[in-house]
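What follows is a set of notes on a single structure, which appears directly below.
Coordinate-derived values only; no laboratory data. Worth saying up front: this structure is predicted, and the values here are computed from it rather than measured. Counting neighbours? That spans all protein chains shown, and the Cβs are built from the backbone with ideal geometry, glycine included.
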Amino acid sequence: MQTTSECFTLPEPSTSSVSGVRLEFPGGVLRLYFDYDRDGVIYNSGLLFKNVRAHRHTAELHCVAWQIEKSYDRLVKITDSKLVEELLESTVEDQRSSWVLNHYMIYFDSDGCYEVVAEDWKVLPENQGSLN
Amino acid sequence: MLDGANFAQKTFGKNFSSAGKFAGQSVDDVAAALRSGSLKTSDVPIDYITRNGNTLILNTRSSQALTQAGIPRSQWNAINRTGNAAFEARLTGQLGRNKLTETGISTVRQSGGN
């Protein structure tokens with residue numbers, strides 16, 4: 001059974017977003033940028049994922065309830081992940097332990113759910129201003 | 001149906017989500033399209049949920065566009081999503097993150113404004 005543990009909560013509600021979410025994945029490292037309103041001032045920040053092996057975005061309309069319930073505005077780590085299990089099954093046996101496969105998930109209001117299989121993550125510094 | 005309905009968030013972005021029906025458009029754009037007739041009221045659905053007697057609107061930007069266009073709530077294309085697990089989860093998220101009770105809030109402000 002898949003369970004989740006909380007890693008990080010967005011500084012402000014994703015409902016206050018000005019620019020939506022921007023995903024950048026040149027390879028290896030994936031960055032999710034977002035902005036938000038705090039007391040009438042717009043700030044931006046992001047999440048960086050290291051050694052990314054898979055990722056997917058599900059638009060809001062197609063998200064299922066458990067994704068929203070578990071990860072609305074918060075990054076969670078999924079244990080006993082079906083996605084990781086699928087990745088391991090499709091990997092040649094001698095390479096299965098070559099990578100650290102942690103399944104992370106976060107849901108942004110109006111945008112949807114982002115899932116990343118990566119070794120680790122960190123928060124990017126906060127800056128004033130929108131992403132645009 | 002939506003007379004007296006409240007919002008589940010305190011602020012809204014001026015642009016619609018890139019993942020939605022009005023991707024690439026602003027609230028002002030959609031309001032202008034409604035005023036000009038290039039968009040019909042029925043093209044801008046408003047999802048709502050009734051929770052413990054409170055009616056709460058889920059599509060804040062769409063409702064702002066309809067309001068800006070001067071279309072009364074009685075004419076909105078309101079869709080009852082009460083009981084749909086995904087919509088209910090979204091409402092719970094909106095209320096919780098915006099530190100609102102199930103009553104919601106009657107007014108919203110655009111992000112970045114005071």
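Out of A:K50, A:K70, A:K82, any idea which swings most in a Gaussian network model of chain A, alpha carbons joined below 10 Å?
Judging by the Gaussian network model, the answer is A:K82.
Per the helix-only calculation at 222 nm, which mean residue ellipticity applies to the protein assembly as shown, given -39500 (n - 2.57) for every DSSP H run of n ≥ 4 and division by its residues, nearest 500 deg cm²/dmol?
Calculated from helices alone, the mean residue ellipticity at 222 nm is -5500 deg cm²/dmol.
Could you tell me how many degrees, from 0 to 90 and to the nearest 10, lie between the Cα long axis of helix B:85-97 and the main elongation axis, the longest principal axis, of the Cα atoms of chain B?
With both axes taken from Cα atoms, the answer is about 80 degrees.
Of all DSSP beta bridges located in segment B:6-110, what percent are antiparallel, nearest 5?
On the way: 6 of 14 bridges.
Among the beta bridges of segment B:6-110, antiparallel pairing accounts for roughly 45 percent.
Given Cβ point charges of +1 (Lys, Arg) and -1 (Asp, Glu) and nothing else, what value in debye, to the nearest 20, does the dipole of chain B about its Cα centre take?
220 debye
Measure out, as a whole number of angstrom, how far apart the alpha-carbon centroids of segment A:32-72 and segment B:29-81 sit.
26 Å
If you build a Gaussian network model of chain B, linking Cα atoms that sit under 10 Å apart, which residue out of B:A78, B:A19, B:A69 swings the most?
Of B:A78, B:A19, B:A69, the Gaussian network model singles out B:A19 as fluctuating most.
Quick one: among A:A65, A:A54, A:A118, which has the greatest mean-square fluctuation in a GNM of chain A with alpha-carbon springs under 10 angstrom?
A:A65
Restricting the count to DSSP beta bridges whose residues both fall in the protein assembly as shown, what percent are antiparallel, rounded to a multiple of 5?
Around 85 percent of the beta bridges assigned by DSSP in the protein assembly as shown are antiparallel ones.
Sort chain A into rounded, prolate or oblate with this rule: let a ≥ b ≥ c be the square roots of the eigenvalues of the Cα gyration tensor; rounded if a/c is under 1.5, and if a/c is not under 1.5, prolate when a/b is larger than b/c, oblate otherwise.
prolate
Output the pairs from A:K70/A:K122; A:K122/B:K14; A:K70/B:K99; A:K70/B:K10 with a Cα-Cα distance over 24 Å in this structure; if there are none, say none.
A:K122/B:K14
For the protein assembly as shown, just say rounded, prolate or oblate: build the C-alpha gyration tensor, square-root its eigenvalues into a ≥ b ≥ c, call rounded for a/c under 1.5, and beyond that prolate if a/b exceeds b/c, oblate if not.
Since a/c reaches 1.5 and a/b is larger than b/c, the shape of the protein assembly as shown is classed as prolate.
As I understand it, the value is the acute angle between the Cα axis of helix B:27-36 and the longest principal axis of the Cα atoms of chain B; what does it come to in degrees, rounded to 10?
50 degrees
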